[in-house]
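What follows is a short report on a single structure.
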Amino acid sequence: MAQQHDLTAPPAADAADGRTTESTAFRSALDVIRGVEPRVADAIAAELTDQREMLKLIASENYASPAVLLAMGNWFSDKYAEGTVGRRFYAGCRNVDTVESLAAEHAKSVFGAAHAYAQPHSGIDANLVAFWAVLSQRVEAPALAEAGVRQVNDLSEQDWAKLRAAFGNQRMLGMSLDAGGHLTHGFRPNISGKMFDQRSYGTDPRTGLVDYDALRASAREFRPLIIVAGYSAYPRLVNFRIMREIADEVGATLMVDMAHFAGLVAGKVLTGDFDPVPHANIVTTTTHKSLRGPRGGMVLCDDTLAEHVDRGCPMVLGGPLPHVMAAKAVALAEAARPEFRSYAQAIVDNSRALAEGLLKRGAKLVTGGTDNHLVLIDVSSYGLTGRQAEAALLESGIVTNRNSVPQDPNGAWYTSGIRIGTPALTTRGLGTAEMDEIADLIDAVLSGTSAAPAAKGGLSKANYVLADGLAERIAGQAADLVAGFPLYPAIDLG
Ligand SMILES: *Cc1c(COP(=O)(O)O)cnc(C)c1O
């Protein structure tokens, strides 16, 4: 019997009609919605079917528990609660105070943080709160008006330069995108790249690992205000003790964005030098990736930054989402349980098994393997772009996403990589034996796909040709595999 990591999977029907409590709850909710807009109820039900049938290897996705899902669907959604616990701009917030305090208390205890701010609506919002907090802590009297800037929306490049000058030309050093960093770590399409002068650090081309010596040299020369650690597509661990040493040496604030691996931190798989919380000045995260909560964000920090972080709303955030904070509190209560540790460990065991399965079949992996929840396949050895590989896998029932590899010759759109991650399938209960099967399916699809640059439709790099019948055969095997691990076993909408 597979180990179920769905923490709330109840074994038996528990009502007179033979239904589980969860089935009754979700069926009733859908009935109520169906009475107003049946197409929405149908779409919600259809999404459950899709999720159940998908072999989901998207490294940033997961399956939240029924308790987390249900905590979001209620009248907390009706409440305005700008401000912080006990200091609101609106009356009548005592119950919001309760859930926001619970979310913060659970977060502090799970992560061992001095302060937690549970309001950010997403990971990007959490980063904005953090950037603002660091700037307002470090920069005296930010002279927006003095710089002659009124309408932030209409800023030209010159205006941005003026604004940065008013902030003292603050600098940010973040991991480069193709090494696995995130857009919000100082890149142009994001506000962080406009607020800060940015420089990036990368990985050693020989090993694929973060090059701390190069990072230190760059930090000494560049003297950033903020060093951002954290990633979306780096398959190894980051040594946050070394990162903090470097930050201290150059007078920078160390910010760690643990959006992807927060679940591994909560589950005590990442400890010591690899646990960001004791080393960073400020930590941001999403709550919906490996942490397995509702879609949202959070900020953890030391006491010196707390008052600045708490100004997140209304400084950079709209009104908090009390229903989502309620669900964050539930998810963090789950993360405090011993089962969460075995789930977190199983994520990494599965990721390693998947990497080994791929390597032994001849695949090329960035850094040659993994130490966390994700694996980055360099599909150029199959003669494919990331886009071709992603499409061929999807046609074969395997959901992944394409991703750049370091120094990617195919750029950020076509890419040369496929990123896969194990949190979702681990929640579902799949183990290392299944990971080997999945490696076999992936290798079969990639080996059986060829680039077809001259196919009709022109020279699009997205064109590919799958061997006859391969997609159907693999999709069947993938469906059989997941069918053995029922998703949300307690929920029957039938
Ligand atoms: C996913 C991710 C984010 C963004 O999270 P959203 O909730 O989508 O805004 C930010 N930083 C990193 C490192 C991420 O992986």
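For the structure I just gave you, tell me whether Glu157 is among the charged types (D, E, K, R), over 29 Å from Arg419 (Cα atoms) and at pLDDT 95 or above.
In short, no.
Return only the number of the condition from (1) in contact (Cβ under 8 Å) with a residue 40 or more places away in the chain; (2) out of contact with any strand residue (DSSP E or B) (no Cβ under 8 Å at 6 or more places or on another chain); (3) not in a helix (DSSP H, G or I) that Leu30 does not satisfy.
(3)
Quick one: how many residues across segment 157-203 are part of a helix (DSSP H, G or I), among the aromatic types (Phe, Trp, Tyr) and within 15 Å of the ligand (Cβ to nearest atom)?
0
Could you please tell me which pairs satisfy a Cβ distance under 6 Å, a separation of 6+ or placement on different chains, a first residue in segment 282-300 that is over 18 Å from Pro320 (Cβ atoms), and a second residue that is β-branched (Val, Ile, Thr) and away from the ligand (no atom under 11 Å from the Cβ)?
Val283/Val277
How many residues are crowded, with 19+ Cβ neighbours inside 10 Å and over 19 Å from His260 (Cα atoms) when one looks only at segment 334-364?
Residues in segment 334-364 being crowded, with 19+ Cβ neighbours inside 10 Å and over 19 Å from His260 (Cα atoms): 4 in total.
List pairs: first in segment 117-139 and in contact (Cβ under 8 Å) with a residue 12 or more places away in the chain, second of a type in the set (Lys, Arg) and within 13 Å of the ligand (Cβ to nearest atom), Cβ under 8 Å, 6+ apart or cross-chain?
Ala118/Lys328; Ser122/Arg295
Mind telling me which of the residues Val309, Val256 ends up being farther than 23 Å from Ser101 by Cβ and of a type in the set (A, V, I, L, M)?
It is Val256.
What pairs come out if I take residues in segment 79-92 that are within 13 Å of Gln119 (Cα to Cα) and assigned by TED's automatic domain parsing to the domain that holds Cys313 and pair them with residues that are in a strand (DSSP E or B) and modelled with pLDDT of 95 or more whose C-beta lies under 9 Å away, six or more apart or interchain?
Cβ pairs passing all conditions: Thr84/Tyr117.
Residues Pro294, Pro276, Pro314, Pro320: which one is in contact with a strand residue (DSSP E or B) (Cβ under 7 Å, 6 or more places away or on another chain), at negative phi and not acidic (Asp, Glu)?
Details: Pro294 fails: in contact with a strand residue (DSSP E or B) (Cβ under 7 Å, 6 or more places away or on another chain); Pro314 fails: in contact with a strand residue (DSSP E or B) (Cβ under 7 Å, 6 or more places away or on another chain); Pro320 fails: in contact with a strand residue (DSSP E or B) (Cβ under 7 Å, 6 or more places away or on another chain).
Exactly one of Pro294, Pro276, Pro314, Pro320 is in contact with a strand residue (DSSP E or B) (Cβ under 7 Å, 6 or more places away or on another chain), at negative phi and not acidic (Asp, Glu), namely Pro276.
Scanning for something of a type outside the set (Gly, Ala, Ser), farther than 30 Å from Gly267 by Cβ and in contact with a strand residue (DSSP E or B) (Cβ under 8 Å, 6 or more places away or on another chain), does segment 435-444 turn up at least one residue?
No - not one qualifying residue is present in segment 435-444.
Could you check how many residues of segment 285-323 are aliphatic (A, V, I, L, M) and within 21 Å of Gly181 (Cα to Cα)?
So the answer is 4.
Output the residues belonging to segment 91-135 that are assigned to a loop (DSSP other than H, G, I, E, B) and away from the ligand (no atom under 16 Å from the Cβ).
Residues satisfying the conditions are Ala91, Gly92, Cys93, Gly112, Ala113, Ala114.
Taking segment 279-289, which residues are touching a strand residue (DSSP E or B) at 6+ places or on another chain (Cβ under 8 Å) and within 13 Å of the ligand (Cβ to nearest atom)?
Going residue by residue through segment 279-289, those that are touching a strand residue (DSSP E or B) at 6+ places or on another chain (Cβ under 8 Å) are 279-287.
Within segment 279-289, Val283, Thr284, Thr285, Thr286, Thr287 qualify.
Can you tell me which residue among Pro235, Pro205 is surrounded by fewer than 16 Cβ atoms within 10 Å (Cβ to Cβ) and either closer than 21 Å to Leu177 by Cβ or in contact with a Phe, Trp or Tyr (Cβ under 7 Å, 6 or more places away or on another chain) (or both)?
None of the other options fit; the residue is Pro205.
Scanning segment 228-278 for residues that are polar (S, T, N, Q) and away from the ligand (no atom under 15 Å from the Cβ), which turns out modelled with the lowest pLDDT?
Thr253
The values are calculated or read from the model by the stated rules, or taken from the named source; none is laboratory data. The structure displayed is predicted, hence computed values, not measured ones. Quick reminder, even Gly has a Cβ in these numbers, built from the backbone with ideal geometry, and neighbours come from all protein chains shown.
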